[in-house]
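The values are calculated or read from the model by the stated rules, or taken from the named source; none is laboratory data. Computed from a predicted structure; not experimentally measured. Note that we place each Cβ from the backbone using ideal geometry, even for glycine, and neighbour counts take in every protein chain shown. Keep in mind that these areas ignore ligands, DNA and RNA; they rest on the heavy atoms of the full protein, side chains included. Shrake-Rupley method; radii C 1.70, N 1.55, O 1.52, S 1.80 Å.
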Amino acid sequence: VGGYSKTKLKKDLEKGTAHADMYLLTQEANSKWKWSLVKQSGQKPWPRSGFSVAQISQQRAVLFGGCIDEDEEENLQSQFFNSMSCLDVVSNRWFNFELRNSKRDESSEDEMDHDGGTRSASGAYPCPRLNAAVTVKS
């Protein structure tokens with residue numbers, strides 16, 4: 001899912017591209033491996049790279065964080081994410097993913113963590129980031 005690549009436009013000029021496509025790697029009967037482009041549906045996440053994905057059940061995986069780079073010649077602008085998206089791996093359908101206890105308590109004041117995330121009575125919120133690791137504790 002997603003990623004980032006550079007395309008050579010001229011001898012000394014490259015353009016960066018953020019991808020939102022998704023491929024599936026399958027092993028065929030003759031033991032050879034094959035890449036197939038997957039048609040996605042639902043609320044697909046923005047094109048990005050540097051995100052992490054973890055399987056949360058037999059049928060679901062969650063994508064967290066990442067970054068999109070706007071690459072214009074010698075000017076690079078980056079936007080970082082702390083959003084989560086969930087993929088139904090059977091239907092290839094995306095949907096927004098929110099933790100049940102992540103609603104902020106409007107009556108409490110948030111405090112800033114050492115890494116820029118906020119903490120409230122209902123829990124911690126990581127700041128936008130890339131290349132983070134995600135694991136599931138059940």
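Considering region 56-69, and only residues there that are in a strand (DSSP E or B) and free of Cβ contacts under 8 Å to residues at least 40 places away in the same chain, the residue that is most open to solvent (accessible area, probe 1.4 Å) turns out to be 60. The set of residues in region 16-35 that are touching a Ser or Thr at 6+ places or on another chain (Cβ under 8 Å), within 28 Å of residue 68 (Cα to Cα) and open to solvent by 100 Å² or more (accessible area, probe 1.4 Å) contains only 23. Residues in region 70-93 that are open to solvent by 80 Å² or more (accessible area, probe 1.4 Å), part of a strand (DSSP E or B) and of a type in the set (Asp, Glu): 70, 72. Suppose the filter is out of contact with any Ser or Thr (no Cβ under 8 Å at 6 or more places or on another chain), closer than 17 Å to residue 91 by Cα, of a type outside the set (Val, Ile, Thr) and exposed (fewer than 13 other Cβ atoms within 10 Å of the Cβ); does residue 13 pass it? Considered against the rule, which asks whether it is out of contact with any Ser or Thr (no Cβ under 8 Å at 6 or more places or on another chain), closer than 17 Å to residue 91 by Cα, of a type outside the set (Val, Ile, Thr) and exposed (fewer than 13 other Cβ atoms within 10 Å of the Cβ), residue 13 comes out as no. Scanning region 1-50 for residues that are outside any strand (DSSP E or B) and aliphatic (A, V, I, L, M) turns up 1, 20, 22, 29, 38. Which one of the conditions (1) of a type outside the set (S, T, N, Q); (2) closer than 30 Å to residue 14 by Cα; (3) at pLDDT below 90; (4) open to solvent by less than 80 Å² (accessible area, probe 1.4 Å) does residue 117 fail to meet, given that it meets all the rest? Among (1) of a type outside the set (S, T, N, Q); (2) closer than 30 Å to residue 14 by Cα; (3) at pLDDT below 90; (4) open to solvent by less than 80 Å² (accessible area, probe 1.4 Å), the lone unmet condition for residue 117 is (2). Evaluating residue 19 against the criteria (1) more than 21 Å from residue 95 (Cβ to Cβ); (2) modelled with pLDDT under 90 leaves one unmet condition, (1). Taking the numbered list (1) touching a Gly at 6+ places or on another chain (Cβ under 6 Å); (2) over 30 Å from residue 10 (Cβ atoms) in turn, residue 66 passes all entries but (2).
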